[in-house]
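Single-structure report; data block below.
The values are calculated or read from the model by the stated rules, or taken from the named source; none is laboratory data. It should be emphasised that the depicted structure is a prediction, and the values quoted were computed from it without experimental measurement. Cβ placement follows ideal geometry from the backbone for every residue including glycine, while neighbour counts extend to all protein chains displayed.
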Amino acid sequence: MNNILKANQLSKTFNAKTIPINAVKEVNIKIHEGEITVLTGRSGSGKSTLLHLLAGLEQKTSGTIFYKNQSYDDLNSKKLTELRRSDMGFVYQFHYLLNELTAIENVSLPLLMNNFEKKEALEKSKEILNTLGLSHRFSHKPSEMSGGEKQRVAIARSMVHSPSLVILDEPTGDLDSKTSLDVIESLKNYVKDIKSSLLIATHDENFKEISDQTLIMDSGII
Ligand SMILES: Nc1ncnc2c1ncn2[C@@H]1O[C@H](COP(=O)(O)OP(=O)(O)O)[C@@H](O)[C@H]1O
Ligand SMILES: [Mg+2]
């Protein structure tokens, strides 16, 4: 099976004022094409740091990361940004939506950045918001939405451009159990359609059911 993403001996040390923090320690990981990988582990175990490294959002201390067999070390920052924009999606633990834009406009952004026509971008955005149960919030701004609704808008934005890999950091953290189940079900169906791989850091037991690979992180180690 093809790997979308592979990391070898990946480490990250934060140089804190007193003692350095080894947040990620010699991690080896493979994300297969079309599969869902679930990453669990208690708070502070290094999950968010690992996801940021894998998305190229944070500089590693050592190790290698390959995206579709290409090492990040061989990409300059412009190429890496381009790769992320066109072929990756990311949901931050604290979903960053643009406050002055509506739900549809927020979701359209990745499409507009990838040169879609505005009309098509809006259509596609409506479609995915619909799938995630947000047809009643198309033209609302983040300040007018609940935490769970904002989280679903962030999820929609991360995958509207059908990227090969979507990385989600605790995507159902703000959702009640029933809504979380609904979102997980629609996520599963949606990624099956667009054939994306998912990497999800979560404490949500509901993800177990759709997981192809479950990894446990403990003090920076998998
Ligand atoms: N920017 C940073 N600077 C210094 N330490 C950090 C930074 N980000 C995370 N850490 C530390 O790295 C460890 C792992 O954090 P994190 O990756 O956020 O874990 P998790 O997502 O599993 O809760 C923690 O000890 C945290 O304090
Ligand atoms: Mg985290």
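Could you tell me whether the range 5-28 includes any residue that is part of a strand (DSSP E or B), at pLDDT below 95, surrounded by 15 or more Cβ atoms within 10 Å (Cβ to Cβ) and away from ligand 1 (no atom under 16 Å from the Cβ)?
No: the range 5-28 contains no residue that is part of a strand (DSSP E or B), at pLDDT below 95, surrounded by 15 or more Cβ atoms within 10 Å (Cβ to Cβ) and away from ligand 1 (no atom under 16 Å from the Cβ).
May I ask you to list the residues in the range 111-139 that are within 15 Å of Glu149 (Cβ to Cβ) and in contact (Cβ under 8 Å) with a residue 40 or more places away in the chain?
Across the range 111-139, the qualifying residues are Ile128, Thr131, Leu132, Gly133.
Exactly one of these conditions fails for Thr202: (1) within 16 Å of ligand 2 (Cβ to nearest atom); (2) of a type in the set (Ser, Thr, Tyr); (3) exposed (fewer than 14 other Cβ atoms within 10 Å of the Cβ); (4) on the phi < 0 side of the Ramachandran plot. Give me its number.
Result: Thr202 passes all but (3).
Check Glu117 against each of (1) closer than 18 Å to Ser164 by Cα; (2) more than 20 Å from the chain's Cα centre (by Cα); (3) surrounded by fewer than 17 Cβ atoms within 10 Å (Cβ to Cβ) and name the one condition it does not meet.
Looking at each condition in turn, Glu117 falls short on (1).
Quick check on this structure: which one of Ile65, Ile31 is away from ligand 2 (no atom under 16 Å from the Cβ), surrounded by fewer than 22 Cβ atoms within 10 Å (Cβ to Cβ) and touching a residue at least 40 places away in the same chain (Cβ under 8 Å)?
Working: Ile31 fails: surrounded by fewer than 22 Cβ atoms within 10 Å (Cβ to Cβ).
Answer to the selection: Ile65.
Filter the range 34-54 down to the residues that are of a type outside the set (Asp, Glu) and away from ligand 1 (no atom under 13 Å from the Cβ), then identify the one that is surrounded by the most Cβ atoms within 10 Å (Cβ to Cβ).
Step one: list which residues in the range 34-54 are of a type outside the set (Asp, Glu), which gives 34, 36-54.
Filter once more, keeping what is away from ligand 1 (no atom under 13 Å from the Cβ): 34, 36-38.
Values: Gly34: 17, Ile36: 24, Thr37: 22, Val38: 21.
Only one residue tops the list, namely Ile36.
Just to be sure, is Lys60 under 20 Å from the mean Cα position of the chain (by Cα), part of a loop (DSSP other than H, G, I, E, B) and modelled with pLDDT of 95 or more? Break it down into steps so the answer makes sense when it comes.
Numbers: under 20 Å from the mean Cα position of the chain (by Cα): yes; part of a loop (DSSP other than H, G, I, E, B): yes; modelled with pLDDT of 95 or more: yes.
It is true that Lys60 is under 20 Å from the mean Cα position of the chain (by Cα), part of a loop (DSSP other than H, G, I, E, B) and modelled with pLDDT of 95 or more.
Pairs only if they're at least six apart or on different chains, beta carbon under 6 angstrom, first in the range 156-181 and surrounded by fewer than 21 Cβ atoms within 10 Å (Cβ to Cβ), second part of a helix (DSSP H, G or I) and not polar (S, T, N, Q); list them, first residue then second.
Ser162/Ile194; Ser164/Asp87; Asp174/Gly147; Asp174/Gly148; Thr179/Gly148
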